[in-house]
Amino acid sequence: MKTKTPAIPYVVWMAVFVVVPLLLIVVYAFTNYGGKFTLENFTNLDVFLQVCGNSLYLAAVATLICLLIAYPFAYFLAQTGPATRKVAMLFIMLPMWMNFLLRTYSWMTILENHGLLNQLLEKIGILALYNHISGANLEFFPMMNTPGAVVLGMVYNYLPFMILPIYSVIIKLDHSLIEAARDLGADSVSVFRKVILPLSFPGVLSGITMVFVPSVSTFAISQMLGGGTELLLGDLIERQFLGGSYDPQLGAAISLVMMVIVVVCMVIMNRFGEGEEQAVML
């Protein structure tokens, strides 16, 4: 008879670090300062709707860019030899071994007004050429504190989370299916479109989930590269708990709504992925 004793530590860990915080968020979201039940926290979400739209938009843009970069890279990586794969995987994982804040700070040095990128553009004449064509008199290209800088930070920090699941699926594809398609007269484009792409779709969905979810809830990237001008969901929640506008009840309500949005998005993507897998099998 199998004993259930070894599972007890895991159950306790889940209860303390997952269930209890979630229950606290729910309690705070539906109570006022006096501890009484109220729905007022959900009626004070005027700013939340605009910030939510901005967060979803920037996260979607970052996810799309990651997908456009990661899929060709993962596909190419799967076609290379073992030695090349090891070196490539090392460079993919190397930034993840560094602290998240240090990686983001490095982009602040690159993108600032007189940073490395602006100095490079000035030396090669791009800045002078732009001023000549547009008639402007810029001393530098404004890159910091812009939506583009926030999206760049998201792409840089979360790109490995898109590459790895796609690569893991493509490298495990049954090559007999590809050979069978070619034997039946399919060209390379048809093989990719009708065999490789559908079979790699679970990895694509995993990558989208792993990039979109942290992107929509991040606050460090938007604060450091956006300078507080691009307010995201994570920034709004952080301000309610740690900022000057201290309101933990409102912050808990926003957190709860954000969790619902994320769960709905994940359910939709999982259902879509299941439909694609069934279509491929048929």
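When every residue of region 134-151 is checked against the conditions, at least one turns out to be touching a Ser or Thr at 6+ places or on another chain (Cβ under 6 Å) and under 29 Å from M98 (Cβ atoms).
Report, by residue number, each residue of region 96-112 that is surrounded by 12 or more Cβ atoms within 10 Å (Cβ to Cβ), of a type outside the set (F, W, Y) and under 16 Å from N145 (Cα atoms).
Selection gives T104, S106, M108, I110, L111, E112.
Taken over region 210-225, the criterion of being over 16 Å from C52 (Cβ atoms) and small (G, A, S) is satisfied by A220 alone.
Pairing each residue of region 119-134 that is surrounded by 13 or more Cβ atoms within 10 Å (Cβ to Cβ) with any residue that is small (G, A, S), provided the two are 6+ apart or on different chains, yields C-beta distances under 9 Å for E122/A128; Y130/A136.
Answer with yes or no whether A15 is at pLDDT 85 or above and within 22 Å of V263 (Cβ to Cβ). Explain how you work it out, then say what you get.
Working: at pLDDT 85 or above: no; within 22 Å of V263 (Cβ to Cβ): yes.
No; evaluated as a whole, the condition is false for this residue.
Of the residues making up region 206-232, those that are surrounded by fewer than 20 Cβ atoms within 10 Å (Cβ to Cβ), more than 12 Å from the chain's Cα centre (by Cα) and assigned to a helix (DSSP H, G or I) number 3. Only one of the numbered conditions (1) within 26 Å of I92 (Cα to Cα); (2) crowded, with 23+ Cβ neighbours inside 10 Å is violated by F192, and that is (2).
Would you mind stating whether A60 is of a type in the set (G, A, S), closer than 25 Å to C265 by Cα and in contact with a helix residue (DSSP H, G or I) (Cβ under 6 Å, 6 or more places away or on another chain)? Even if it seems obvious, please write down each step before you answer.
Numbers: of a type in the set (G, A, S): yes; closer than 25 Å to C265 by Cα: yes; in contact with a helix residue (DSSP H, G or I) (Cβ under 6 Å, 6 or more places away or on another chain): no.
The answer is no for A60.
The values are calculated or read from the model by the stated rules, or taken from the named source; none is laboratory data. Model, not experiment: these values are computed from the prediction. In this analysis, Cβ positions are derived from the backbone assuming ideal geometry, glycine residues included, and neighbour counts consider all displayed protein chains.
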